[in-house]
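Chemist: Let me give you the structure first, and then I'll get to my questions.
The values are calculated or read from the model by the stated rules, or taken from the named source; none is laboratory data. Computed from a predicted model, the values in this text were never measured in an experiment. Counting neighbours? That spans all protein chains shown, and the Cβs are built from the backbone with ideal geometry, glycine included.
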Amino acid sequence: MRLSVTVSADVFDLGQEEARLAAEAGDAGAVVAFVGRVRGQDGPVALASLFLEHYPGVTESEIARIAREAATRWPLLACRVVHRVGHLRPGEGIVLVLMASSHRQAAFQAAEYLMDYLKTQAPFWKRECFADGSERWVEAKTSDDDACRRWS
């Protein structure tokens with residue numbers, strides 16, 4: 001499996017990233033793309049921005065490790081993960097997961113598996129900055145933990 005992981009403050013382009021994956025995936029019959037976006041209103045006060053921190057090198061290695069684990073569960077041809085850090089505004093892309101396989105079910109399941117990991121265990125720290133000037137660190141959600149446990 002060809003694997004590529006990027007953690008960066010730069011905006012990603014879905015079309016360019018998909019073309020890159022397609023070139024690496026060869027004769028893939030299925031490519032699944034998931035783009036996670038920053039929500040603007042998830043409570044009583046509008047979100048002004050989301051700030052993500054990470055440990056450079058460690059974060060990329062951990063994402064690559066779980067992607068390689070996905071490749072032991074499903075017959076993947078290629079995987080591309082792009083995760084943004086720094087200040088992000090509502091509506092901006094925060095994460096891109098692309099999976100290529102010969103068949104759609106493997107690509108869908110592997111992408112979902114990887115996203116469940118990213119939501120619960122990847123070494124990122126998120127701080128929400130609200131329109132009223134308040135801030136708070138984002139805590140883990142039980143629902144995300146439950147989704148991740150189903151892969152055990």
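Chemist: Before we move on, is E62 within 18 Å of A110 (Cα to Cα) and touching a Pro at 6+ places or on another chain (Cβ under 8 Å)?
Modeler: yes
Chemist: Here is a check on your reading of the model: is R73 loosely packed, with under 13 Cβ neighbours inside 10 Å and at pLDDT 95 or above?
Modeler: Spelling it out, R73 is indeed loosely packed, with under 13 Cβ neighbours inside 10 Å and at pLDDT 95 or above.
Chemist: I would also like to ask the following. Go through (1) outside any helix (DSSP H, G or I); (2) within 22 Å of G43 (Cα to Cα) and name the single condition V81 misses.
Modeler: Failing condition for V81: (2).
Chemist: Can you tell me how many residues in the stretch 95-140 are free of Cβ contacts under 8 Å to residues at least 60 places away in the same chain, surrounded by 15 or more Cβ atoms within 10 Å (Cβ to Cβ) and over 24 Å from T72 (Cβ atoms)?
Modeler: 0
Chemist: In the stretch 104-145, how many are assigned to a helix (DSSP H, G or I) and under 18 Å from R84 (Cα atoms)? So that I can check it myself, show each step before the final result.
Modeler: Of the stretch 104-145, the ones assigned to a helix (DSSP H, G or I) are 104-120, 142-145.
Cutting the leftovers down to under 18 Å from R84 (Cα atoms) gives us 111, 114-120.
The qualifying residues number 8.
Chemist: Sort out which residues of the stretch 10-24 are within 14 Å of the chain's Cα centre (by Cα), aliphatic (A, V, I, L, M) and either at pLDDT below 95 or not in a helix (DSSP H, G or I) (or both), and write them in order of number.
Modeler: V11
Chemist: Answer with yes or no whether I94 is under 14 Å from the mean Cα position of the chain (by Cα) and assigned to a strand (DSSP E or B).
Modeler: So I94 passes the test.
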